[in-house]
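Heads up: the structure comes next, in structure tokens.
All of the numbers you see were taken from the coordinates with simple rules; none came from a lab. Because the structure is a prediction, the values reported are computed rather than measured. All Cβ positions, even for glycine, are placed from backbone atoms using ideal geometry, and neighbour counts span all protein chains on display.
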Amino acid sequence: MSAAPTARTLIPSWLSVPADANELVAGVWPVSAERDAQGVLAVGGVAATELQERFGTPLYVLDENEVRTHARRTLEAFRAAATQHGVQARVYYAGKALLCTEVVRWVTEEGLAVDVCSGGELAVALAAGADPARLGFHGNNKSVAELERAVEIGIGSIVLDSWNELDRLARIVAGRPQPQAVLVRVNSGVHAETHDFLATAHEDQKFGFPLEDAAAVVARIREIPELLFTGLHCHIGSQIFGTAGFEESAARLVEVHAGLRAGGEVPVLNLGGGFGIAYTSVDDPTPIEQLAAGIAAAVARECSARGIPMPHLAFEPGRAIVGQAGITLYEVGTTKQVSAGEGVERRYVSVDGGMNDNVRPALYGAQYTARIASRTSTADPALVRVVGKHCESGDIVVDADYLPGDVRPGDLLAVPATGAYCFSLASNYNYLTRPPLVAVCDGRARVIVRGETIDDLLARDIGADSAARPEHTERADMPALTQRSESK
Ligand SMILES: Cc1ncc(COP(=O)(O)O)c(C=O)c1O
């Protein structure tokens, strides 16, 4: 999904000392983020201090209006771009970015379809009341049970990823009256890594079919009356800026798409997601309208060069819908001044969460920023590294930023742009409980996914109950110790 962690430098080259270490940089924070007269941060009209008081920290906060605005704007952008070329565009929200029933409701109310990539994600989408016909199903290793469930509920499309899966699905749909729509995921050989893209002849990765196999796969699908091939699918990566990677990929896909038309209709081309957002002040994502227009124009150009009609388009943005809408609140527990070498002094600011609520810095070397949310300060900016409370030195939340030099225990800290791939990648590492997800909107806050409790953590541990009750010391899944010793 994303690039490998990058080596950390003492101070990233992009980071400069801010004129004001209290500033909320536009584009990184939700549009509603502001400070009141006392300097307290508010999002969605709710003060961060109120959120801390009511729900505790760490806390995921999601601005409903911001999600809805991005959903609406993205859909309008792709629809307008497609209309320019006489075709339609469908936009799926990529649920893997952040999935819960409330978010499914918001995005579907705004007109988006939803893509899921596991039986669990499918269950959440269905629990939210999503129309099965407007769901897409991804994944490189969908189980028989997951495929059966998807077919049974009448899922809109299944994105096939391997020959094994095609065989599996063929057996599941055999004899069914309605054909199941399928797309074929291919590797275009274009791989986007953060802001750059790379075009190769071969992609050494697990997703999809090699482009050169597409014709054989589609021929096989067309032999199966219960399957309906609707088009090719490709996802070139994540956090992509600019249209160049998409344009290169579209050119390669349209070439194959054109050949497939000889055997029947190919109504759709799905170009996946991956549209970048701003995590720091130096990230300058391409506006979605510009991306949509550029991508649609590239497909139109390639189709016209081959004298074929343009297919309808489909896209799957995840991060671009929810990323900027989320912030995470933490309380500072300790601070520590460290000489990092080469004359660099760094303040380690430890917060009450960490890699269990945001693993992206550890997993991808992702960069974030932070601000004190409970107050402003005129103290000189100090170089900080915000770290979590886990037993890992790589447990970093914000690799490098400047905060007012008087940052101290008890301060409330906010990390912006955490709406995507933080909640969804959360874990219980070190048996920390996963934080609640709170929606804010027009001055109101409500829990949309409750936080875990210690009871939740113990609930799956079969021995935990019996340990508390001395009369039940034997493990349910093993013979009693006395029996084992007797049998020796
Ligand atoms: C197939 C597919 N579609 C869409 C997405 C969403 O990507 P993003 O959140 O970067 O838009 C992903 C992310 O991994 C993906 O694998």
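Multiplying the residue separation of Y348 and R306 by 0.36 nm and removing their Cα-Cα distance gives an extension gain of 9.3 nm.
Mind jotting down the distance between the C-alpha centroids of the range 338-353 and the range 396-436, whole Å? Centre-to-centre (Cα) distance: 16 Å. Between the C-alpha center of the range 158-232 and that of the range 373-389 there is a gap of 48 Å.
The slack in the chain from E255 to Q290, taken as 0.36 nm per residue of separation less the alpha-carbon distance, amounts to 10.2 nm. Distance from the C-alpha centroid of the range 10-26 to that of the range 29-67: 21 Å, rounded to the whole angstrom.
Relative contact order for the chain: 20 percent, from Cα pairs under 8 Å spaced at least 6 residues apart, divided by residue count. Compared with the direct C-alpha span, the chain from R222 to T83 gains 47.1 nm at full extension, assuming 0.36 nm per residue.
Here r is the Cβ-Cβ distance between W14 and Q178 and R0 is 45 Å; the resulting FRET efficiency, rounded to 0.05, is 0.30. Taking label points 7 Å from Cα along the Cα-to-Cβ direction, R460 and L198 give a separation of 3.4 nm.
Remark on the chain: Rg and Dmax equal 24.8, 82 Å (Cα only).
Quick check for you: which residues of the range 219-234 have the amide N under 14 Å from the point 7 Å beyond the Cα of D131 toward its beta carbon? The answer is none, because no backbone nitrogen lies closer than 14 Å to the label point. Residues D461, D406, ranked from the fewest to the most other C-beta atoms within 10 Å, line up as D461, D406.
Based on C-alpha pairs under 8 angstrom that are at least 6 apart in sequence, the range 64-322 has a relative contact order of 22 percent.
Between W163 and E34, the modelled label-to-label distance comes to 6.1 nm, taking each label 7 Å out from Cα in the direction of the beta carbon. For the peptides 355-362, 53-60, 145-152, 109-116, the ranking by packing is 355-362, 109-116, 53-60, 145-152, with the highest mean count of neighbouring Cβ atoms within 10 Å listed first.
For K206, a cut-off of 13 angstrom between C-alpha atoms picks up these aspartates and glutamates, skipping any fewer than 8 places away in its own chain: D161.
Diffusion of the range 64-322 by Stokes-Einstein, at 20 °C in a medium of 1.002 mPa s and with Rh set to the Kirkwood radius over alpha-carbon pairs, works out to 117 µm²/s.
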